[in-house]
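Q: Below are the C-alpha cells for one structure; questions will follow.
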Amino acid sequence: LFKPDMIQATVEKRKTETRRLAGLTEINKNPDDWVSNGWAGSWGGFAFNHKTKNETRVIKPRYRVGEVVYIKEAWRVDKGYDGRPKNGQQIPDGIAVEMKWEPEQLKTDGNQHRRLRDPGKWRSPLFLPECFARYFLKMGVPRPERLQDITIQDAIAEGISPASDSLNWVETTIARYRQLWDRINPSYPFKNNYWVMV
C-alpha cells in the first residue's frame, strides 16, 4: 500500500525504498531495549537481542529478495458490480477498472481505457486483486534500522525531493520525510524512533 503521491514517486522511479513496521510489533513496544545483530541465516531472519535480558527474537522480512509484488491502489469498476464482495471476488478479469490516481499522461493523452461509463463506488486498496494491478515491484535486500537513522540519500530514495531552498538542506530534506512518516503513520510517530524494515 502506498498513498497516491508515493505511487507517483514510485512510477517516476523517484521512490526506490520504503520503511515498514510489519513484523516488529513486539520489538517496538520498547524499541530502545533491543539491538539488531544482523542476519541470522539459519533462522531465515534478522536477530534482535534484548539489551538487559537473555532474550533473542528473530524477525523474518515479509518479502524475499527478488520477490515481485504489486502496488495496491484505490479502485472501482462499473456500478453494476457494487453488490459484489469488496475483495474483488466474483468480478471477472478483463473488465474496465478505474484507479483513483492516474498518471498525468493518462489524463492528457486522450486515453480513455480506464474511464468507466457508469462508475461504481471506490474500493479499498487493500482489496485490489492482482489481476487489476498496474505496477509491480521487485524486492531488494531488506535491512532493519531505527527510523531516525535515515540518511539524506535514504530520504531521497523514499521519494522526498531534496530541499534546495535552505542553508541546511540535509536537515530540511529529512524533516520532510519525518512529516510524511507522521502523516502516514500517526500512531507511530517519528519521534519514538521505532525499528523499521527497509
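Q: Restricting attention to the stretch 1-31, which residues are open to solvent by 30 Å² or more (accessible area, probe 1.4 Å), among the β-branched types (V, I, T) and either assigned to a strand (DSSP E or B) or under 19 Å from Y63 (Cα atoms) (or both)? Step through it out loud before you land on a result.
A: Residues of the stretch 1-31 open to solvent by 30 Å² or more (accessible area, probe 1.4 Å): 1-5, 8, 11-14, 16-18, 20-23, 25-26, 29-30.
Still in the list and also among the β-branched types (V, I, T): 11, 16, 18, 25.
Correct list: T16, T18, T25.
Q: Looking at (1) in a loop (DSSP other than H, G, I, E, B); (2) in contact (Cβ under 8 Å) with a residue 40 or more places away in the chain, which one does L137 not meet, given that it meets all the others?
A: (1)
Q: So, in the stretch 185-195, how many residues would count as being assigned to a helix (DSSP H, G or I) and either touching a residue at least 12 places away in the same chain (Cβ under 8 Å) or open to solvent by less than 70 Å² (accessible area, probe 1.4 Å) (or both)?
A: At the first step, the residues of the stretch 185-195 found to be assigned to a helix (DSSP H, G or I) are 190-192.
If we keep only those that are either touching a residue at least 12 places away in the same chain (Cβ under 8 Å) or open to solvent by less than 70 Å² (accessible area, probe 1.4 Å) (or both) as well, we get 190, 192.
Within the stretch 185-195, residues that are assigned to a helix (DSSP H, G or I) and either touching a residue at least 12 places away in the same chain (Cβ under 8 Å) or open to solvent by less than 70 Å² (accessible area, probe 1.4 Å) (or both) number 2.
Q: Can you work out which of the residues in the stretch 50-66 that are at pLDDT below 95 and outside any loop (DSSP other than H, G, I, E, B) is surrounded by the most Cβ atoms within 10 Å (Cβ to Cβ)?
A: Top of the filtered list is I59.
Q: When you look at L116, is it open to solvent by less than 80 Å² (accessible area, probe 1.4 Å) and at pLDDT below 90, yes or no? Walk me through how you get there before you give the answer.
A: On the way: open to solvent by less than 80 Å² (accessible area, probe 1.4 Å): yes; at pLDDT below 90: yes.
For L116, the condition - open to solvent by less than 80 Å² (accessible area, probe 1.4 Å) and at pLDDT below 90 - is met.
Q: Of the residues in the stretch 160-184, how many are part of a loop (DSSP other than H, G, I, E, B) and modelled with pLDDT of 90 or more? Show your work before the answer.
A: The first filter runs over the stretch 160-184 and keeps only residues part of a loop (DSSP other than H, G, I, E, B), leaving 160-168.
From what is left, the residues that are modelled with pLDDT of 90 or more are 160.
Going through the stretch 160-184 one residue at a time, the tally reaches 1.
Q: Kindly indicate whether any position in the stretch 89-99 is at pLDDT below 75 and either closer than 30 Å to D182 by Cβ or among the acidic types (D, E) (or both).
A: yes
Q: Hey, another quick one. Filter the stretch 119-149 for residues that are touching a Phe, Trp or Tyr at 6+ places or on another chain (Cβ under 7 Å) and open to solvent by less than 60 Å² (accessible area, probe 1.4 Å) and give the result.
A: Matches in the stretch 119-149: G120, R123, L128, F132, A133, Y135, M139, P144, R146, L147.
Q: Further question: Can you find, within the stretch 32-47, the residue that is most open to solvent (accessible area, probe 1.4 Å) among those that are touching a Lys or Arg at 6+ places or on another chain (Cβ under 7 Å) and modelled with pLDDT under 95?
A: Applying the filter and picking the extreme gives G44.
The values are calculated or read from the model by the stated rules, or taken from the named source; none is laboratory data. It should be emphasised that the depicted structure is a prediction, and the values quoted were computed from it without experimental measurement. All Cβ positions, glycine included, derive from the backbone under ideal geometry; neighbour counts span all protein chains shown. Accessible surface is based on the protein model in full, side chains and every heavy atom, while ligands, DNA and RNA are left aside. Shrake-Rupley method; radii C 1.70, N 1.55, O 1.52, S 1.80 Å.
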